[in-house]
Every structure is written in structure tokens, then in C-alpha cells.
1. Answer yes or no: is there a residue in region 39-49 that is crowded, with 17+ Cβ neighbours inside 10 Å, among the hydrophobic types (A, V, I, L, M, F, W, C) and closer than 17 Å to Ala170 by Cα.
2. May I ask you to verify whether Ala187 is within 16 Å of ligand 1 (Cβ to nearest atom), crowded, with 17+ Cβ neighbours inside 10 Å, at negative phi and outside any strand (DSSP E or B)?
3. Considering only region 348-375, state which residues are within 10 Å of Leu206 (Cβ to Cβ), within 9 Å of ligand 1 (Cβ to nearest atom) and either over 10 Å from the mean Cα position of the chain (by Cα) or free of Cβ contacts under 8 Å to residues at least 24 places away in the same chain (or both).
4. Could you tell me whether region 17-28 includes any residue that is more than 16 Å from ligand 2 (Cβ to nearest atom), modelled with pLDDT of 90 or more and either farther than 23 Å from Lys66 by Cα or of a type outside the set (S, T, N, Q) (or both)?
5. Which members of region 573-602 meet the condition of being outside any loop (DSSP other than H, G, I, E, B) and aliphatic (A, V, I, L, M)?
6. Please state which of the following conditions Thr210 fails to meet, knowing it meets all the rest: (1) within 13 Å of ligand 2 (Cβ to nearest atom); (2) in contact with a helix residue (DSSP H, G or I) (Cβ under 7 Å, 6 or more places away or on another chain).
7. What is the residue count in region 50-81 for residues that are of a type in the set (Asp, Glu) and crowded, with 17+ Cβ neighbours inside 10 Å?
8. Pick from region 482-519 the residues that are more than 18 Å from the chain's Cα centre (by Cα) and modelled with pLDDT of 85 or more: which of them is surrounded by the most Cβ atoms within 10 Å (Cβ to Cβ)?
Amino acid sequence: MGYIELNVLNNQSNLAMGIDLGTTNSLAAVWKDGRPVIVHPEGEAASVPSVIHFPGEDKAPIVGRKGRDLAAASPERTLFSIKRLMGRQAAELGSELAMIPFPVKDGEDGVLRIQVDGKSFTPQELSALILNKVHDHGCRALEEEKPDRVVITVPAYFDDAQRQATRDSARLAGLDVLRIVNEPTAACLAYGLDQNKTGNIAVFDLGGGTFDISVLSIDDGVFKVLSTAGDTHLGGDDFDRVLVNLIVEGLKGQLSEEELSDPGFLTGARLAAERCKCALSSDPEAELHMVLASRGVTFHKTITRDELDELISPLIEKTIDCCRRALSDAGLKPEEVDEVVLVGGSTRVIAVRAAAENFFKRIPHTELNPDEVVALGAAVQAHILTGGSRDMLLLDVIPLSLGLETVGGAISKLVERNSTIPCSVTEGFTTYADNQTGIDFHIVQGEREMVSDCRSLAKFQLKGIPPMPAGMARVAVRFHVDADGVLTVSAREESTGVSTLVEVEPMSGLSDEEVERMLIASIENAAEDFETRRNADLNTEIGTMLTATERSLESVRAALDKETLDDIEAAISASRAATSSESPSGLQAVRDELERATLPLAALLMNNVAKSALSGKRLDEV
Ligand code: ADP
Ligand code: MG
């Protein structure tokens, strides 16, 4: 009797890992407990610098943070920015070649070779070392599972050769690539923007040495790249360089030209500059501090955020020029972009955020760590590709609707109950009274129609709206619920750009029973709630109509005959007399009567507008 070999259920982990293989830093993330999380060993930084140091004497290369720390001592043995070389040939690199501080040339097979430590490596082999390191970094944080299947992200502009080179490096690292995903698409997935039905999204990615702006459109959860632009030599390194220049200038009297251009000295200065720059993203001032023990020389200067902003403003302006180009290539105006996502460590710089917000006239997404977004999105994609789905998980939906109080105590629901998270919704609001310079927002939770029956979550104010007639201000309010269920509400007035933002935890302090009770109450009171709601809406509408009627009556009173005038005034006083105690049908009648009586007034106004157009007068002169 022979034996038949059975394919035993392979014990391959069902988990797959998302990897952001960056020019400066790389990160790993997996799907865990219903959401993507960055994975790294406890007590260690999340990111792995994409740096490889060759210690020589046939010792194994040192990858990541330790490798980067050794760069100051022996820069000629330390490789970085390998990603720039992936899938490229020497001839294509052009001026880039001059900026690479290590010897690079084409091999006989047409693949680049990088010379270091007396050996030569392909970019694929070097990238494989980084992939191995970041995969291991992530796995050390996972208990038993060692996911070999990965999703790796690449810039949207990567061509076939560059994508293939990325696949090859994963194969060399012993990893199984489920998919190569565009970085901007991953960022959108991390924010749950795939759940929007349609819209345009701009992903602004400012990393260490590169800037990429990608304009995507989304249609039924499918992303399409409309355009990309950017600068392959613009990023946080350039911000560091302006501070390095300050150090070099400041030490000119104490160190020789030669000492000041020594690679070891410059690496030390770069680290000092980066520390100072990062501190300025959270503090208004920071110390630029460097000690050169070997020479007994110290540099010290306090830098304010304003000073740094001034120094880097031409660089920031360059990113905005690229945004302009990308939008024009996509055939879109800034106001046609529905969502802006900030990606890359350098978007932590406040002046960068402000510039992006100003250009797109929209508060960008910054709720997730900008340097982690891409890896998180890769983990979402990995989860979906391994058969997972977002909405299968209970944790992933919002149990109670979230909305804002509108005039008259009614609610405008922005995020409906059972929406999957993360998610974001933007809606436009306007002012109710003339010359209103501020708006009070009241965030509420619940299924009932009136604020008094819902749970109040938070109140906040948007100030600094310029005085203008009622209904003219354009205020965009965005609700974003992240994977942890934390709600961020932001409001922005479009003409001035004034904005404000609050964060709340909608589910804190609510038990399951209370949620259930609120749901039952909404069903039981549905009919009555509907009526109260209709009343409130009608009252608001009548109020708005009254304001408009009275304003226009002033300007054309003389042109109306007595009968029409009496008719309008009767309707006005009837509307005034009607109070909220009136039934919806009574209010509806009052509203309709006001509309009917003011028809001649509307016709007269239209006529005046038409006449003034013919006589070449401007509308506001009528
Ligand atoms: P890449 O995508 O190029 O691999 P990252 O997105 O990790 O790079 O961005 C790295 C850059 O972000 C570096 O220049 C780093 O100095 C910068 N950076 C990180 N944190 C901050 C911060 N808090 N403030 C300003 N810049 C920061
Ligand atoms: Mg990046």
C-alpha cells in the first residue's frame, strides 16, 4: 500500500504586513483588533531609517537607526536614499548622479551597481536589506505570527521598472508581495476615504528628501491617479540645510574651510539641525546646539519658529508651485478638491500645514501621524487582500449618529449611524444673521430630531468671520472619525481662511445599554419627532424669508402700488404672529402666504436687475 502525500493545512499566518519603504524612513504596520497599527518592538522607535552602514572587515552591514548613527563617524561607508536608484540606469539619473556621494555605475546587465566597502551591490540588494530589517522590526512586536506576505508602497510616479525592482528586492528578502500600492492611495485608505462615493483628493507628501503631490479621484471606492507633480530634491533635508548653514557661518572664525566641509562635521551639524527643526514643530523656540569635542568648539543659538519659517519659506513656496501644476494637469481648481491629506514627516512643520491649507482652502487631514499614514494604509490594503473586510468588524461602525445643532434647535446629521470608520464628511454651513462675525457650533450625538433629545458632546466657536449679509459666509465643517472612534470636528470660513478644530470621544461614558435606550427612544418617538423637526425647520425658513423681504422692501417700497404693499405687510405681520406653538400645517400656510404675497416684490427686483444689466450698471448699484 502506498502513501498519499497530503497537503496539510499550511500553518502560514493569515496576517499580512504593510510596509512603507521610504527614501528616508521605512515602517511596518498590520491589521489588529479591527484597525491598522504600526508595529515596532517596545521601547524602540516606530520607524527604521532607510540607511545601511558597512563596518568593513567583512562584518555584516548595519541597517536602520544604528547604521544612521554611525554615518557621522564614517560617512563614506554609509548608504542612504537607495530608493532614488531603484529600477534606474546611470544614463537616466543625469544630474542626480552628481548628488550621490558614493560611486555608482551600470553593471553589464544594465542594472546599477553601487560601490561600497570594496564590493558592489544592486539597489535591489540594498533595498532587500532594508526590507528585511523593517519586516523583522515589525515581527518582533508580534507574538507568534511572522507574516511573510506583504504589501509595499511606492510613489505614484514609479514606472514599471521601478515597481519591478521593488518586487525583486522583496523576493530577495524572502517576502511574498501581495501587491505594490501607490503611496497616496495608501494614505487615502488609512483615512477611510475609499468609503466616499465620489470626489477628488489631493495627497501632499513632504518627506525627507522628496516632495510628491498626487491628485486622485475616487469613484465607488476605486482610486484613480489624475496627476502627479513634485520635486525629487525637496524635503526636510533642505530645511535642515538652512540650519546647518547657520552653524557653518557661526563657526567660520573658529574652524578652517576644510574642517567646515568635513563630511563627519557636516553629518553632526545635520543631526543638530534636525533636532532643532523637529522641536520647532511643537515649541515656539528651540536650541540649535552642537559640540565639537575634538576641537573644543561649541555652537549655540536660540532659533524661533518665525525665524525658521522665514528661512524655509522659499522652499515651501516651491511645494505650492507643484500643487498648482498638479491641479492644472488634473484640470481642477483648488475648490474642486474635496479632501486634502498631509503625508510625510515634514508636514509636521506648522508653516507647511498652513501653506497647504491656504492653497487648497480646506483643512487638511492631519489626524493620523503624517509619517505613519502610508504604512497604515498599506496594512489596510493587506487586510483587504487577505480576505478581511472593514465593515465585518463591529468595532468599525459608529453606533450613534453625529451632527450639529442648526438654527431652531434641529440637528443636521453629518455622520450617520452605522457608518464604517475611519470616515469623514464635509458639509457647508452659512450665517443666519447679517454681519454675524462668529458661529457657535454644538456637536451632538443621537438619533432624535431635536437637540434637546440628543446627547451634547461639545461646543465650540468659529470667530473672525468678516461682516457680510446673512447667508453669504461659506463655512465648511468637517467631521472625521478615526479608527479609534475619536471625532475631530473642524470648521473653516472659505473667504478668510479662519478655522478652528475640536476633538471629542463620542463613545466615552456611554454604556451599551444607553446606546440601545437611545435607539429605542428614537423609534418610539419617530412620528412626534418628525413633526417637531418640521416645525423647527419651518420657523427657521420663515425667519430667513422675513429678513430678506424686509430688506428688499426698503429699497423698492416707492415702486409698489398700495394694494400689493398692504398684502405684503399683512403677510409679514401674520408670519410674525405665528410662533413655534403653531402646528406644522399652520406654519406651512403662513409660509406659503408670505411667499405668495411677496411674488410681485420678487418680480420687481428681478426686473431691476435685468434693467441695470442692460444699462451696464453693476448689480450692487441697483
Ligand atoms: P520619507 O517618506 O522621505 O522616507 P518621512 O516621511 O519619514 O520620509 O519624513 C522624514 C522627514 O520628516 C525628515 O526630514 C524629518 O526631519 C522630518 N520630520 C520628522 N518629524 C518632524 C517634526 N516633528 N518636525 C519637522 N520635521 C520632522
Ligand atoms: Mg514617505
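1. yes
2. Answer is yes for this residue.
3. Arg348, Val349, Val352
4. Among the residues of region 17-28, at least one is more than 16 Å from ligand 2 (Cβ to nearest atom), modelled with pLDDT of 90 or more and either farther than 23 Å from Lys66 by Cα or of a type outside the set (S, T, N, Q) (or both), which makes the answer yes.
5. Step one: of region 573-602, the residues outside any loop (DSSP other than H, G, I, E, B) are 573-577, 584-597, 599-602.
Residues satisfying the conditions are Ala574, Ala577, Leu587, Ala589, Val590, Leu594, Ala597, Leu599, Leu601, Ala602.
6. Exception for Thr210: condition (2).
7. Result for region 50-81: 0.
8. My answer is Glu493.
The values are calculated or read from the model by the stated rules, or taken from the named source; none is laboratory data. All figures in this text were calculated on a predicted structure; none of them were measured in a lab. For neighbour counting, all protein chains shown are included, and Cβ atoms are generated from backbone atoms with ideal geometry for every residue, glycine included.
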